[in-house]
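**Student:** Quick one: structure below, then a few questions.
The values are calculated or read from the model by the stated rules, or taken from the named source; none is laboratory data. Since the structure is predicted, the reported quantities are computational estimates derived from the model, not experimental observations. Glycine also receives a Cβ, built like all others from the backbone with ideal geometry; neighbour counts cover every protein chain displayed.
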Amino acid sequence: MARENFHDLLAFFAVAREQSFTRAAAQLGVSQSALSHTIRALETRLGLRLLTRTTRSVSPTEAGERLLRTVAPRFEEIEAELAAVTELRDQAVGTIRITATDHATKTVLWPKLSKVLRKYPEIKVEIMNDYSLSDIVADRYDIGIRQGDRVEKDMIAVRVAPDMRMVIVGSPAYLAKHNAPKTPRDLTMHSCINLRLPTHGAFYAWELKKGSRETQVRVEGQLAFNGTYQMLDAALSGYGLAYVPEDIAQAHVTAGRLKWVLEDWFPTFPGLHAYYASRRQSSRAMAVVVDALRHHG
């Protein structure tokens, strides 16, 4: 039977349960004649009599009883599930998958989400640390975290952090053995700690800016990582210069464990944004997570 004819079965169930065309028609909001026509058409398609009609009563035949006993409960289950799914619109329930860098996870995602997730035990969050520029739709992520100038135009973007300054740092021990660079070009003569980008399979070029002058420097060194904090640790251990977000280096500089290098060239980038496809807006769980991450500064 074609799916568009399922409403004929629902009409039959109403008549069989009510054992009356009059009551069933009133329940369904149709005329008795229209309901009779629907039942006759159903019986013709099946090649079976489903109802026994007399002047005083209507009752299901053996075939009708079987349909009422076996098929009707399945429609009830479907209706119950549809009702339950509809209720989810107003409940914070579900799994939200997020892709972000380790830096964004540690400094933005976890500090903000940890404050609200206890209130919503039915929300599950999966955070995947990755420096690749993921296609969140193709990779089945709900949210991506990225600098504001790197968000696709067809995505909805919400700022989750202030603008971010990138810095170059080195340990006092390293700088005592090597003359501090005076210009960006001097970086090529230093041991620098690289960041491997999985998307392009190459090292990240250090982006620097001084006034209106901008440049990119591809550096070399003994070490390369795919995470920000490992780069910072290597710099603290004296293995070379590292290019990292200011917020994770500041405390070490203040404590004297690291020093700024080429400070006049530190660039500032648009702050981190959460971005997602418009079709994800309807989820209550999604709304809770996005609102928790939103930057209010």
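**Student:** Mind listing whichever residues of segment 127-144 are closer than 16 Å to Thr105 by Cβ, part of a loop (DSSP other than H, G, I, E, B) and not β-branched (Val, Ile, Thr)?
**Tutor:** Within segment 127-144, Asp130, Tyr131, Ser132, Ser134, Tyr141, Asp142 qualify.
**Student:** Taking the stated definitions as given, is Asp8 buried (at least 16 other Cβ atoms within 10 Å of the Cβ), of a type in the set (Asp, Glu) and at pLDDT 90 or above?
**Tutor:** Answer is no for this residue.
**Student:** Among the strands (runs of 3 or more DSSP E) contained in segment 211-294, which hold 1 or more residues that are farther than 30 Å from Glu152 by Cα?
**Tutor:** 241-245
**Student:** Hey, another quick one. What do you reckon, is Thr61 more than 15 Å from His7 (Cβ to Cβ), in the same structural domain as His7 (by TED's automatic domain parsing) and either more than 51 Å from the chain's Cα centre (by Cα) or at pLDDT 90 or above (or both)?
**Tutor:** Yes.
**Student:** Now, a different point. For Thr70, only one of the following conditions fails: (1) more than 16 Å from Phe6 (Cβ to Cβ); (2) of a type in the set (S, T, N, Q); (3) within 50 Å of the chain's Cα centre (by Cα). What is its number?
**Tutor:** (1)
**Student:** Right, next: Quick one: would you say Glu43 is over 30 Å from Tyr204 (Cα atoms), charged (D, E, K, R) and assigned by TED's automatic domain parsing to the domain that holds Ala287?
**Tutor:** Against the criterion (over 30 Å from Tyr204 (Cα atoms), charged (D, E, K, R) and assigned by TED's automatic domain parsing to the domain that holds Ala287), Glu43 does not qualify.
**Student:** Separate question: Which one of Leu187, Leu236 is in contact with a His (Cβ under 7 Å, 6 or more places away or on another chain), outside the structural domain of Lys112 (by TED's automatic domain parsing) and surrounded by 15 or more Cβ atoms within 10 Å (Cβ to Cβ)?
**Tutor:** Criteria check complete, one pass: Leu236.
**Student:** Please work out if Ala176 is free of Cβ contacts under 8 Å to residues at least 24 places away in the same chain, assigned by TED's automatic domain parsing to the domain that holds Val261, of a type outside the set (S, T, N, Q) and farther than 21 Å from Asp102 by Cβ.
**Tutor:** So Ala176 fits the description; yes.
**Student:** Exactly one of these conditions fails for Val158: (1) touching a residue at least 40 places away in the same chain (Cβ under 8 Å); (2) within 30 Å of Asp233 (Cβ to Cβ); (3) not hydroxyl-bearing (Ser, Thr, Tyr). Give me its number.
**Tutor:** (2)
**Student:** Moving to a separate point now. Could you please find all residues in segment 156-178 being touching a helix residue (DSSP H, G or I) at 6+ places or on another chain (Cβ under 8 Å) and assigned to a loop (DSSP other than H, G, I, E, B)?
**Tutor:** Val160, Ala161, Ser171
**Student:** Of Lys153, Lys115, Lys124, which residue is over 20 Å from Leu232 (Cα atoms), surrounded by fewer than 14 Cβ atoms within 10 Å (Cβ to Cβ), in contact with a strand residue (DSSP E or B) (Cβ under 6 Å, 6 or more places away or on another chain) and modelled with pLDDT under 95?
**Tutor:** Just one listed residue meets the conditions, Lys124.
**Student:** Looking at this structure, is Ile156 within 22 Å of Gly297 (Cα to Cα), outside the structural domain of Thr215 (by TED's automatic domain parsing) and in contact with a His (Cβ under 8 Å, 6 or more places away or on another chain)?
**Tutor:** No, not satisfied.
**Student:** In segment 219-237, what residues are closer than 16 Å to Ala104 by Cβ and among the aliphatic types (A, V, I, L, M)?
**Tutor:** Passing the criteria: Met231, Leu232.
This table checks each residue for (1) out of contact with any helix residue (DSSP H, G or I) (no Cβ under 6 Å at 6 or more places or on another chain); (2) aliphatic (A, V, I, L, M); (3) buried (at least 19 other Cβ atoms within 10 Å of the Cβ); (4) closer than 27 Å to Val137 by Cα.
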position: Pro181; (1), (2), (3), (4): no, no, yes, no
position: Leu197; (1), (2), (3), (4): yes, yes, no, yes
position: Ala224; (1), (2), (3), (4): yes, yes, no, no
position: Glu263; (1), (2), (3), (4): yes, no, no, no
position: Pro267; (1), (2), (3), (4): yes, no, no, no
position: Pro270; (1), (2), (3), (4): no, no, no, yes
position: Val290; (1), (2), (3), (4): yes, yes, yes, yes
position: Arg294; (1), (2), (3), (4): yes, no, no, yes
